[in-house]
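Quick notes on the structure that follows.
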Amino acid sequence: MLKKICVITGVFFFLSGCSISPNNNSKPTGETAPATGSLYKSFDAGKSFSAKVVVSEKLRISSADILSWAIDLSNPQTMYVGSMDDGMFRTKDGAEHWEKMDFPPEKIYGIVIDSSNSRRIFATGVYGGVGKVYRTEDAGENWKEVYVEPGPGTVIASLAMHPSDSRILYAATDKGGVIKSIDGGEQWKNIYQAEGPVTKILLGTKLPESIAALVFQKDVISSQDGGITWTDKAKILEKIQGQEREGVELINPVSLNADPHTPSTLYAGTSSEGLLRSLDFGFTWNPIPIIESAKRYPIRAVAVSPDNSNEIVLASGSAFYRSTDSGQHWSVTELGIDRGVSMILYEPGNSAILYFGLRKFK
């Protein structure tokens, strides 16, 4: 979903102080437009953003494609990001400075941090043309392969960890395979075969046996029993004579996220139907009224505030949208970016701080 971090060694863009705000010309403030950067941070709930690209005095993360981003829940100043071609980076000071990790794989679509032991991290990657899952027990100093796809050309496109039992992991591929481990990644088994790339897996924080998975541009599939049985062909509800009934199948979903406060509430961004909300963990969906301009482009990133279920944010095209009343009204910030937003994250417990990553989309 996201793309990742590129290290530019020939030409550097010094943008750590470049701020983006809406104005009459719909262009970012600062010295360059469009803005150049791969990682951005907001301290004011999305009213303005600053590029956070510093690796060293002479090195910047400026045009990488961001694919994954994980925040250490025990210390939110520590974060890891994965990129399409440039490996993995870590920050220990809230994105002000980054360091390159010794992690050789490319296409790092998934990173998860053990909430009970932040030195244990799992990450996906492609190495030698083969999709793999890796584990570190020492915060990235050493990595061990714990799963290898049987054939070349398959990407492990998503990764998730059980919220209360870090031994349980789920991973899925761009070929639709969903696998599960119950022993910290040592052994895996197939649990589902979807009809397209599975690019996001969500586990219910308060309903940990509930799983929702995004089948890119096709469906949202769900399980209520840890992956033993699955429901597919999600439906969009429509009102007929004042009553809600199941209507057409969910079409063209491209992003998926959960409300951290309400266990069964999910949000899906689509490439043609705007923003949808599910109150039953992905089985049925309702359209949310959004500004028409947000429907012109795929909604590739959506998030809900950690402090307030009524606060929803999304990215569409080069604009950032924010609602504080559960989607009834929206404010818009023109970002002036040169690529698409691949993900939006809130800092845990602080809805004023937001991050987003950029990537190129075909």
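The values are calculated or read from the model by the stated rules, or taken from the named source; none is laboratory data. Values in this document were obtained by computation on a predicted structure and should not be read as measured data. Backbone-built Cβ (ideal geometry, glycine too); neighbour counts: all protein chains shown.
Count, please, the residues in region 171-187 that happen to be farther than 16 Å from Gly125 by Cβ and part of a loop (DSSP other than H, G, I, E, B).
7
When the residues of region 341-353 are narrowed to those that are over 13 Å from the mean Cα position of the chain (by Cα), assigned to a strand (DSSP E or B) and not β-branched (Val, Ile, Thr), which ends up surrounded by the most Cβ atoms within 10 Å (Cβ to Cβ)?
Top of the filtered list is Glu347.
Kindly state which strands (runs of 3 or more DSSP E) lie completely within region 90-170 and contain at least 2 residues that are free of Cβ contacts under 8 Å to residues at least 24 places away in the same chain.
Strands (runs of 3 or more DSSP E) meeting the threshold: 144-148.
Out of the residues in region 53-72 meeting the condition of being within 27 Å of Ile201 (Cβ to Cβ) and at pLDDT below 95, tell me which one is surrounded by the most Cβ atoms within 10 Å (Cβ to Cβ).
Ala64
Out of (1) closer than 23 Å to Arg339 by Cα; (2) modelled with pLDDT of 95 or more, the odd one out for Lys92 is which?
Here Lys92 clears every test but (1).
From Ser264, Ser272, Ser305, Ser278, which residue is of a type in the set (S, T, N, Q), out of contact with any helix residue (DSSP H, G or I) (no Cβ under 6 Å at 6 or more places or on another chain) and over 25 Å from Leu159 (Cβ atoms)?
So the residue among Ser264, Ser272, Ser305, Ser278 that is of a type in the set (S, T, N, Q), out of contact with any helix residue (DSSP H, G or I) (no Cβ under 6 Å at 6 or more places or on another chain) and over 25 Å from Leu159 (Cβ atoms) is Ser272.
Under 27 Å from Lys360 (Cα atoms), surrounded by 18 or more Cβ atoms within 10 Å (Cβ to Cβ), in contact with a Lys or Arg (Cβ under 9 Å, 6 or more places away or on another chain) and at pLDDT 95 or above: does that describe Ile108?
Yes: the conditions hold for Ile108.
Looking for whichever is more than 22 Å from Ser83 (Cα to Cα), out of contact with any Gly (no Cβ under 7 Å at 6 or more places or on another chain), at pLDDT below 95 and of a type in the set (Gly, Ala, Ser) here; the options are Gly340, Gly336, Gly349, Gly317. Which one fits?
Just a single option satisfies the conditions, and that option is Gly349.
Scan region 48-78 residue by residue and report those that are within 17 Å of Ser118 (Cβ to Cβ) and either out of contact with any Lys or Arg (no Cβ under 9 Å at 6 or more places or on another chain) or in contact (Cβ under 8 Å) with a residue 24 or more places away in the chain (or both).
Ser68, Trp69, Ala70, Ile71, Asp72, Leu73, Ser74, Asn75, Pro76, Thr78
Looking at Ser255, is it closer than 24 Å to Arg300 by Cα, polar (S, T, N, Q), at pLDDT 95 or above and in contact with a Lys or Arg (Cβ under 8 Å, 6 or more places away or on another chain)?
In short, yes.
Under the condition of being of a type in the set (Lys, Arg) and within 28 Å of Pro260 (Cβ to Cβ), which residue from region 124-174 is surrounded by the most Cβ atoms within 10 Å (Cβ to Cβ)?
Among those that are of a type in the set (Lys, Arg) and within 28 Å of Pro260 (Cβ to Cβ), it is Arg135.
Filter region 188-202 down to the residues that are surrounded by 14 or more Cβ atoms within 10 Å (Cβ to Cβ) and either within 12 Å of Asp232 (Cβ to Cβ) or acidic (Asp, Glu) (or both), then identify the one that is nearest to the chain's Cα centre (by Cα).
Of everything passing the filter in region 188-202, Val198 is nearest to the chain's Cα centre (by Cα).
Those residues that are over 17 Å from Tyr40 (Cα atoms) and buried (at least 19 other Cβ atoms within 10 Å of the Cβ), I need them from region 306-326; list them, please.
Glu311, Ile312, Ser323
Can you pull out every residue in region 212-249 that is over 23 Å from the mean Cα position of the chain (by Cα) and modelled with pLDDT of 95 or more?
Asp225, Ile228, Thr229
Go through (1) surrounded by fewer than 18 Cβ atoms within 10 Å (Cβ to Cβ); (2) at pLDDT 95 or above; (3) β-branched (Val, Ile, Thr) and name the single condition Thr205 misses.
(2) is the only condition that Thr205 fails.
Here's the yes/no breakdown for (1) over 20 Å from Gln217 (Cα atoms); (2) under 17 Å from the mean Cα position of the chain (by Cα):
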site: Tyr267; (1), (2): no, yes
site: Ser271; (1), (2): no, yes
site: Phe283; (1), (2): no, no
site: Ile288; (1), (2): no, no
site: Tyr297; (1), (2): no, no
site: Asn308; (1), (2): yes, no
